[in-house]
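Have a look at the structure below before the remarks.
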Amino acid sequence: SAAVRAEAVVALFRARLAQRMRGIKPADIPDLPKMTFDLLVALAGDAEDLVRRNVAYYFYRVKDVRGLDVAAKLATDKHLWTRVYGVGALGRQADPKAVPPGLVAATADDEYLVRLVAVQSLATLNAGDKIPAKLADDSSYHVRSALAEATTDDRLLDALWKDKSVAVQSSALKSIAKKRKGAAAALVSGALKHENWLICEAGVEAAASLEK
């Protein structure tokens, strides 16, 4: 049954998690045997959403370079949470030197959760320069905030610092401080006196970055 197939996939992840909880380092945990891995890949095409979602979640949480192709497939799944975990899995499985095209494509997904994970995954791969600048106008402040944390574009950071969302402004402020160091001192100083406590809090964190 679909429930059994879905639970079997979760069991594979739990088995690795149990080893981690016993203090075994991820690098010392062997990859899945080829037969088991092939069965897992086959389940990525299962008719049931829950099964595909669990396969995507497995590769989202477990690094296995063999999973890159299946992650790319799941990143375009019709089921929302399967896509979310599939995009996240792309970020985990990919080589930073070869960013998967699917990650950039996912930044244009209709669902903000997928766009958010795509931006975060590109940031993890140090590929902030590949994030489309148009996301500075994204309808979700979560996405704009993630962009502020990931981008290296000075013009984008300046624009995001003026965003209508305090959360986005805070992220932009911290990124500006990390990038510009002493040159951002005046901006950080002003933030520390801001009327909004979230901006003040971000200013404290940003101030610490100026000294690093």
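Here are the numbers:
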quantity: Carbon and sulfur %, accessible surface of the stretch 52-191 computed with the full protein complex present, 1.4 Å; calculated: 51 percent
quantity: Computed Kirkwood radius, in angstrom, where 1/r is averaged over Cα pairs of the stretch 165-212; calculated: 10.0 Å
quantity: C-alpha long axis of helix 166-180 to longest principal axis of the chain, angle in °; calculated: 80 degrees
quantity: Lysines whose Cα lies under 18 Å from that of Lys174, excluding same-chain neighbours fewer than 8 positions away; calculated: Lys162, Lys164, Lys193, Lys212
quantity: Rounded D (µm²/s) - the stretch 54-104, Kirkwood Rh over Cα pairs, Stokes-Einstein at 25 °C, 0.890 mPa s; calculated: 241 µm²/s
quantity: For the stretch 60-74 versus the stretch 98-149, the gap between their alpha-carbon centres in whole angstrom; calculated: 19 Å
quantity: Asp137, Asp38, reordered so the largest accessible area comes first (probe 1.4 Å); calculated: Asp137, Asp38
quantity: Using distinct alpha-carbon pairs, which all enter the 1/r mean, Kirkwood radius of the chain in Å; calculated: 18.7 Å
quantity: Packing rank of 161-174, 139-152, where each peptide gets the mean count of other beta carbons within 10 Å, highest leading; calculated: 139-152, 161-174
quantity: Average accessible area per residue (Å²) across the stretch 58-180 - probe 1.4 Å, nucleic acids and ligands excluded; calculated: 47 Å²
quantity: Mean projection area, nm², convex hull over Cα of the stretch 100-193; calculated: 5.7 nm²
quantity: Diffusion coefficient, µm² s⁻¹, Stokes-Einstein with Kirkwood Rh over alpha-carbon pairs of the stretch 28-80 at 4 °C and 1.567 mPa s; calculated: 115 µm²/s
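The values are calculated or read from the model by the stated rules, or taken from the named source; none is laboratory data. Only a predicted model underlies this, so the values are computations on that prediction, with no experimental measurement involved. Cβ atoms come from the backbone with ideal geometry, glycine included; neighbour counts cover every protein chain shown. Please note that ligands, DNA and RNA were not included when accessible areas were found on the heavy atoms of the full protein model with its side chains. Shrake-Rupley method; radii C 1.70, N 1.55, O 1.52, S 1.80 Å.
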